Structure formats: structure tokens, C-alpha cells
Amino acid sequence: MNTTWNKTNLALIMVNDSGEKVRLTFGNVVQKPADEQIKMFGKVVESLTNLHLDSATVATTDTKTPVA
């Protein structure tokens with residue numbers, strides 16, 4: 001079975017100064033982001049939003065095509 005990459009989404013769970021969680025989602029990120037890339041991106045988002053990174057989730061969508 002062949003697999004074709006379609007897209008990857010990144011969800012960052014951020015925490016504000018009151019302790020409330022905020023979910024930020026980003027679509028169409030690179031195919032297989034490395035942990036270090038996600039951490040660095042989280043730091044950039046922290047500096048722009050004044051929120052603190054709590055966790056991150058990566059979801060990839062693929063299409064599987066059967067080979068006859």
C-alpha cells in the first residue's frame with residue numbers, strides 16, 4: 001500500500017497568566033516536524049502572544065492507495 005502525505009496540523013496548548021489554557025492550531029506545517037522545531041516555534045509564539053507553552057500535538061493526514 002502506498003501512502004501519500006496530504007497535510008500536517010500542529011496544535012499548541014498555551015497557558016495565560018491566570019492559568020487558563022488556550023489552544024492555538026496551525027495547518028499545513030512541514031511533513032514531519034522535529035521536536036526541536038516544535039519547541040522553537042512554541043518559543044516564537046510565546047514571545048508574540050505573552051502565553052506559555054504547555055504542550056503540543058502533531059496530526060498528519062495521509063492517503064493510502066492500494067497497489068494491485
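The values are calculated or read from the model by the stated rules, or taken from the named source; none is laboratory data. Quantities reported herein were computed from a predicted structural model and do not represent experimental measurements. Positions of Cβ are generated from backbone atoms using ideal geometry, with glycine treated the same way; all protein chains shown enter the neighbour counts. When the accessible area is computed, the model is the full protein with side chains, heavy atoms only, and any ligands, DNA or RNA have been set aside. Shrake-Rupley method; radii C 1.70, N 1.55, O 1.52, S 1.80 Å.
Computed values, structure above
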{"quantity": "Residue within region 32-42 that is exposed (fewer than 14 other Cβ atoms within 10 Å of the Cβ), acidic (Asp, Glu), modelled with pLDDT of 95 or more and outside any helix (DSSP H, G or I) present", "calculated": "no"}
{"quantity": "Residue within region 58-67 that is open to solvent by 60 Å² or more (accessible area, probe 1.4 Å) and free of Cβ contacts under 8 Å to residues at least 24 places away in the same chain present", "calculated": "no"}
{"quantity": "Subset of region 16-62 [more than 27 Å from Thr4 (Cα to Cα), charged (D, E, K, R) and touching a strand residue (DSSP E or B) at 6+ places or on another chain (Cβ under 9 Å)]", "calculated": "Asp17, Lys21, Arg23, Lys43, Glu46, Asp54"}
{"quantity": "Residue check for Lys21: at pLDDT 95 or above, surrounded by 10 or more Cβ atoms within 10 Å (Cβ to Cβ) and touching an Asp or Glu at 6+ places or on another chain (Cβ under 8 Å)", "calculated": "yes"}
{"quantity": "Every pair of residues 6+ apart whose Cβ atoms lie under 9 Å, when the first sits in region 4-21 and is in contact (Cβ under 8 Å) with a residue 60 or more places away in the chain while the second is open to solvent by 90 Å² or more (accessible area, probe 1.4 Å) and assigned to a strand (DSSP E or B)", "calculated": "Thr4/Lys64"}
{"quantity": "Any hit, region 3-13, residues being modelled with pLDDT under 95, surrounded by 10 or more Cβ atoms within 10 Å (Cβ to Cβ), part of a strand (DSSP E or B) and not polar (S, T, N, Q)", "calculated": "yes"}
